[in-house]
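Below: one structure, written as structure tokens.
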Amino acid sequence: MKFIFFDIDHTLVSHVNEPHIPEQTREAIKLLRANGHVPAIATGRAGFLTFKTAREFEINNLVCSGGSEIFIEGREIYKKFFPDEHLEKFLELAKKFPELTAAADDNFLYTDESSGAFRKYFNNQAGYDCVKNIKNLTRALMCYIMLPYKNLKPEHGIFFNPPEGVRLELMNGFTEARSAETSKWRGIEILIKESGANLDDVITFGDGPNDIEMLEKAKLSVAVASASEKVKESAKFVCGDIDSGGILQACRELELII
């Protein structure tokens, strides 16, 4: 039995045209389960933005918020908030750069962004009105600035020079700040330990910069075709395009399914 952790966006969920789950990916998850494996999710999304997709796949083991939230069989076993002593610095930054900053806790997304399309997308993912004004933020799992790290300057505060206790995740179009104790791989370690399983039985699938650690450290890992070369180099295997059945084909080639 293997625990197989999938990133969501651009791995399980395609964003070609409208966001959708390729049918062959659905088939892969069903076959993995039928062959005795445990499909799981490891995502940068907050839990409330993950549950809908998880339900579609009948997946109950989740590492969310980049490792800040962990669920086993639908039961939350771990939660780590952004350090309180640094949250005030983020809120001060949000006042200076309201168009660039956002944050998420375990129920809501906080931002000054108010476009209809933005709200529609995130409310649809959550299943309720989850977008709140950032002035209502009192705690966070993740804080964001909508700039890649290379574009950050000293005036961007904790994102330019993170204090002790804060971890930066350098994504393609934004920079994320979380508790330094968290990462997807750290979340996988906690989930596997609590499940009484072995890390040698973990397989990871991903596409983004925040997947590199879990691709490097898993005994077997798969980067999808759309990933950058750096991400692909961190994986043991590269599969085809997810809209062309890449996930299903990889599971067959790795002899995870019959």
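The values are calculated or read from the model by the stated rules, or taken from the named source; none is laboratory data. None of the values given here were measured: they were computed from a predicted structure. Counting neighbours? That spans all protein chains shown, and the Cβs are built from the backbone with ideal geometry, glycine included. Heads up: the accessible areas ignore ligands, DNA and RNA and are worked out on the full protein's heavy atoms, side chains in. Shrake-Rupley method; radii C 1.70, N 1.55, O 1.52, S 1.80 Å.
Just a few scattered comments:
- Taken over the alpha carbons of the stretch 167-258 as equal point scatterers, the Debye sum produces base-10 log I(q)/I(0) values at 0.11, 0.19, 0.20 Å⁻¹ of -0.34, -0.94, -1.01.
- Shape class for the chain: prolate, because the ratio a/c of the largest to smallest gyration tensor axis (alpha-carbon atoms, square roots of eigenvalues) is 1.5 or more and a/b beats b/c.
- Mean Cβ count within 10 Å, highest first, over the residues of peptides 135-143, 120-128: 135-143, 120-128
- Amide hydrogen proximity for Ile4: with H placed 1.01 Å from N in the peptide plane, the residues at 5 or more positions away or on another chain lying under 5 Å are Val38, Ala40, Ile203.
- Springs between Cα atoms under 10 Å define the GNM used for the chain, and in it the highest mean-square fluctuation of Phe159, Phe48, Phe118 occurs at Phe118.
- For the chain, built as a Gaussian network whose Cα springs stay under 10 Å, the top-fluctuating residue of Ala117, Ala40, Ala235: Ala117
- The calculated P(r) of the stretch 97-250, using every Cα pair and 5 Å bins from 0, goes 2, 8, 14, 16, 17, 18, 15, 8, 3, 0 in percent.
- Element breakdown for the stretch 59-189 at a 1.4 angstrom probe: carbon and sulfur atoms account for 48% of the accessible area.
- The HN-Hα couplings worked out from phi for the stretch 240-249 by the Karplus form 6.51 cos²θ - 1.76 cosθ + 1.60 (θ = phi - 60°) are x, 4, 5, 7, 10, x, x, 5, 4, 5 Hz, whole numbers, x standing for Gly and Pro.
- Under 5 Å between amide hydrogens, built in the peptide plane, is the criterion, and for Ser221 it picks out Thr204, Lys236, Phe237 among residues at least 5 positions away or on other chains.
- The chain - accessible surface per residue (Å², probe 1.4 Å): 46 Å²
- The stretch 108-161, Rg to Rh (Cα coordinates; Rh as Kirkwood inverse mean 1/r): 1.04
- With contacts taken as Cα pairs under 8 Å and at least 6 residues apart, the stretch 47-192 reaches a relative contact order of 28 percent.
- Amide H contacts of Asn60 (H built 1.01 Å from N, under 5 Å, at least 5 apart or other chain): none
- Residue by residue, the stretch 172-179 carries 3J(HN,Hα) couplings of 5, x, 7, 10, 10, 10, 9, 4 Hz when phi is fed to the Karplus relation 6.51 cos²θ - 1.76 cosθ + 1.60 (θ = phi - 60°); x denotes Gly or Pro.
- The gain in end-to-end length when the Leu254 to Lys79 segment is fully stretched comes to 59.7 nm, 0.36 nm per residue minus the alpha carbon separation.
- Mean separation of Cα contacts under 8 Å (6+ apart) over length of the chain, as relative contact order %: 20 percent
- ³J(HN,Hα), Karplus 6.51/-1.76/1.60, whole Hz, each residue of the stretch 12-20, x for Gly, Pro: 7, 10, 7, 10, 6, 6, 8, x, 7
- Listed pairs Lys80/Lys135; Lys2/Lys150; Lys184/Lys236; Lys52/Lys135 exceeding 29 Å between Cα atoms: Lys2/Lys150
- The chain, dipole about Cα centre (Lys/Arg Cβ +1, Asp/Glu Cβ -1), debye to the nearest 20: 220 debye
- Overall form of the stretch 1-81 per C-alpha gyration tensor (a/c, 1.5; a/b vs b/c): oblate
- Protection proxy ranking of 64-73, 224-233 - average other beta-carbon atoms within 10 Å, highest first: 64-73, 224-233
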